[in-house]
Each structure stands twice: as structure tokens, then as C-alpha cells.
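Written below as C-alpha cells is the structure these notes are about.
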Amino acid sequence: MNISKTLRGRAATAVSLTAVLALAATGCGDDGSDTGTEGSGKGEITFWDNNGGPRTAIWTEIIKDFEKKNPDIKVKYVPIPIADVQSKYDTAIAGGGLPDVGGVGTAYLANIVSQEALEPISGRLEKSPLKGKLVESMVESVRAAAGRGEDMYTVPTSANSGVLWYRTDLFKQAGLEAPTTWAKFYESADKLTDAKNNKFGYTIRGGAGSIAQALDAIYGQSGITEFWDGEKTTLNDPKNVAALEKYAALFKKTTPAADVNNDFTKMVAQWDTGTIGMLSHNLGSYQDHLKALGEDKFAGIPAPIGDGGTRVQVSNPVDGLGLFRSSKNKNAAWKFIEFAASHESNSKWNQSAGAIPANTEAAKDPWINESESTSLAAKALTDGSTKIVDLPYYLPDWNNISKADNEPEFQKLLLGKVTAKAFLDKMAEELNASQKEWKELGNG
């Protein structure tokens, strides 16, 4: 969650070729080329939820609360599946149709900012009741991820954290201790597997979102705490290669074969059926597990501790709400953002999602300690016991490199069609080139 302050000072003039072409193709309208208007502060605004489906119910409740308090404003809610959100924004920037307000995570924030589609909100925040009431580390993260120095382009709403969920009942039956170290993790994965009876020790993410989970596993095992070593990424360091080889070898040995295509929805649903021992996901799936299994059959802990005695995790994206520059009613849109990030709404949303609130008052609410997994995750991120590898969200190409460009390659790795070294070398080469281009355009 914390990102180096040196990254905050990097002014992003970097615009990818794709973004340049998209901007050249746009005309005036509700896209990134229109500066919009402040509007009357009344009427209808459109809100895009960047995790439509899993979060639809809680957003519907918050919107109802907002409209009750602001009867002159109506919110048109549009649920966007998390796997499609960046492409939806890119398409709307190129051809029109952007919302007034949208959920924007730091993983793809720089891409949208580089296309000039978001309104800077630092000035509005300075005059807002939210001033001084947002967790500073999350504020730092969204500033850094945007790559525009001190400018902010989203109001942070929540942070997530990687969690190793495990079935406490299955562990007890097998006489296993909690998988608090990577050694215990691998031992448990093996002992809980009975493939003939469709029982497996672990479920690995092979579909959409697989790269983030894999990065957590390799850095967690290798103990490397920096993503960059000078001008080159540490991604393909020999220690990381060895860690990925061991991790990928779990596929079909202690995991179901169907995992090669599983995104988080399928993976979580599969784990909740009750025949798999462990699942790497994040705090967001807590309510799913609670509903399916009950509170006595599972637990969640931060990432396992490595051989060196230190817990290492990669940074998780900070979610936030962005005000789009093309909005014709920025006053009403900003009112909605302020309401959603306020104490009551932010607490309500994060309790539903099982995430860590960005509102400092919400972060002190009792429910934080009612969930052991959330409490442990929050503590791990704030007490200095966990080393965070800061991923380069500021690179406009980061989301493409870490998703569309290499998720199919990760599937090839699981299927034995490419080696761990070849996979990491390819991704490292792309990241090094992106970092070099970013710096040549005046950043860093």
C-alpha cells in the first residue's frame, strides 16, 4: 500500500502510443477531450462501478442513501465487470460515453490520467469535509500511481490486502498447523490432496488476475523487497525464477486441473464448495466464505513468512473514485464522491467488501476488529512486520503488461509449454522497456 515518495515527484508526461492515437481520434463529447462544466449541482449523473456484480448490492444501498439526502440528484448506476473495466474506459475515451464518476483503481489509474480523462481533484479536496480524513498512505498511493507529482486524480476509498484463506476444519482433521510459513504452505498443500476423491490442498489462479497472485507468491518466497534494481526489474532474478518454478509445479499436482482457466469468481466459488484446503485471494472474498462455510470452518492470514523470517507482499491496488473531466455536472458528481467517501458510507462499503477503509473515522469502527482476517491484514500493513514490494502502477503500460499481455503466457507456464525463466524474462523485458520510455519522456 505504501509507495516511495520519490515516485510521487515524477511528473508524468508519458502518453503511450495507444493513448495518443485514441486522443487523436476523439472529438468533443463525453470523452477525455471535453473539459465539461460544473453544472447546476442537480439532475442526473452516471456512476460506473468498477467491480459490478460483487459490489452492486452495497452500491445500490449507498446510492439510495445519497438520493434520500440529495433529492435533486439522481444517480444512474452502471455495473462494469472488474475484468472489463480498463477496456471500457479506453473505449469510452476514444469514442465517447464516459461517466461523471467512476471507480478507478491504482493499477490502471496512470493509463486513464495519461489520456487526460480525469479531473484533478486536489483543489476540491482542499475545500472538502474530507480534508484530513483520508488515510495518508492511501493518499500517497493514489498520488504516486497517477504519476503527476502532487496532483490527485482519485479520492481513495479502500485498500485491499493479499490473504491466504485456509480451511481450519480440514487442517485440524489432518493434524496440520496454520500455514504461516511457505514451508508449511507447501507441506499442507501436499497432505490435503487426495485427487482421486477430488480433494486438493490448494487452488491456483490461472485465468484473469493470475499475474498479481503469482507475483505475491514469488516475492514472498524469494524475500526480494524491491521491484527495481537500478534501471532493471528484479522480476526475473534467479531467486524469483526458482520461487515461480516451485509455485507453478503445484498445478494439477495439488490443485484442480480446471484452475488453468479460473478467474477469482470461479476460484472462490470452487473453494467455497469445501473440498480444497487453501486459497490465495484478498479480503474482498471474506463475505463469500462466511456465507458458504460459516465462521468456524475457515480463517485468513497475511501471506506466509519466508525462509528469512520476513513476510514480503507485493502492493495491492488502492481503489478510488474519479471525477471525469467531460462531466457536464461536476458539482453533483463531486457531491456523490464526497458522500461515498464519508465516514458512514465508506465504513458501510468496506465492511461489506471486507476491505480496509480510506476514511480515517471509518478505519476506527468496531467491525474492523470483528473480522480477524481484516484486523490481521490491517496490522500487517501498518506495524512494520511486512515488507511491501511496490509495483510500478505509475507506468501507463503496467496494466497491459501485467494482465492482457502475459496472462495467456502464465497459462502456458502452468501447462508446461514455457519455462518459469522464459516467462519472467519476457515480462521483465517489457517492463524494462516501459520504464526506460517513461524516463526518456521526462519522468523520474
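The values are calculated or read from the model by the stated rules, or taken from the named source; none is laboratory data. Model, not experiment: these values are computed from the prediction. Here Cβ is always computed from backbone atoms with ideal geometry, including for glycine, and neighbour counts include all displayed protein chains. Only protein heavy atoms, including side chains, enter the accessible area calculation; ligands, DNA and RNA are left aside. Shrake-Rupley method; radii C 1.70, N 1.55, O 1.52, S 1.80 Å.
Inspection of region 55-64 identifies at least one residue that is assigned to a helix (DSSP H, G or I), of a type in the set (D, E, K, R) and open to solvent by 20 Å² or more (accessible area, probe 1.4 Å). All told, ASP425 falls short of being out of contact with any strand residue (DSSP E or B) (no Cβ under 9 Å at 6 or more places or on another chain), open to solvent by 10 Å² or more (accessible area, probe 1.4 Å) and without any contact (Cβ under 8 Å) to a residue 40 or more places away in the chain. For region 428-444, taking the residues that are within 24 Å of the chain's Cα centre (by Cα) and at pLDDT 90 or above, the one that is surrounded by the fewest Cβ atoms within 10 Å (Cβ to Cβ) is identified as ALA433.
None of ALA178, ALA189, ALA243 is aliphatic (A, V, I, L, M) and open to solvent by 20 Å² or more (accessible area, probe 1.4 Å) except ALA178. Inside region 270-299, residues that are hydrophobic (A, V, I, L, M, F, W, C), touching a residue at least 12 places away in the same chain (Cβ under 8 Å) and within 20 Å of ALA377 (Cα to Cα) make up a count of 5. The set of residues from region 119-141 being open to solvent by less than 10 Å² (accessible area, probe 1.4 Å) and touching a Leu at 6+ places or on another chain (Cβ under 7 Å) comprises just one member, ILE121. So in region 192-220, with the set limited to residues that are over 21 Å from the mean Cα position of the chain (by Cα) and among the charged types (D, E, K, R), which one is most open to solvent (accessible area, probe 1.4 Å)? Within region 192-220, the match that is most open to solvent (accessible area, probe 1.4 Å) is LYS196.
Conditions (1) open to solvent by 40 Å² or more (accessible area, probe 1.4 Å); (2) under 21 Å from PHE200 (Cβ atoms); (3) of a type outside the set (Asp, Glu), marked per residue:
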position: SER222; (1), (2), (3): no, no, yes
position: THR225; (1), (2), (3): yes, no, yes
position: ASN236; (1), (2), (3): yes, no, yes
position: ALA269; (1), (2), (3): yes, yes, yes
position: ASP272; (1), (2), (3): no, yes, no
position: GLN287; (1), (2), (3): yes, no, yes
position: THR310; (1), (2), (3): yes, no, yes
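Pairs meeting the criteria (first residue in region 152-170 and closer than 14 Å to LYS191 by Cα, second residue open to solvent by less than 10 Å² (accessible area, probe 1.4 Å) and among the aliphatic types (A, V, I, L, M), beta carbons under 7 Å, at least 6 apart or on different chains) are TYR166/MET278. One residue stands out among those in region 65-95 that are in a strand (DSSP E or B) and of a type in the set (A, V, I, L, M): the one that is surrounded by the fewest Cβ atoms within 10 Å (Cβ to Cβ), which is VAL78.
Kindly provide the set of residues from region 332-359 that are open to solvent by 10 Å² or more (accessible area, probe 1.4 Å) and either of a type in the set (Phe, Trp, Tyr) or closer than 19 Å to ASN316 by Cα (or both), ordered by number. Across region 332-359, the qualifying residues are TRP334, PHE339, TRP349, GLN351, SER352, ILE356.
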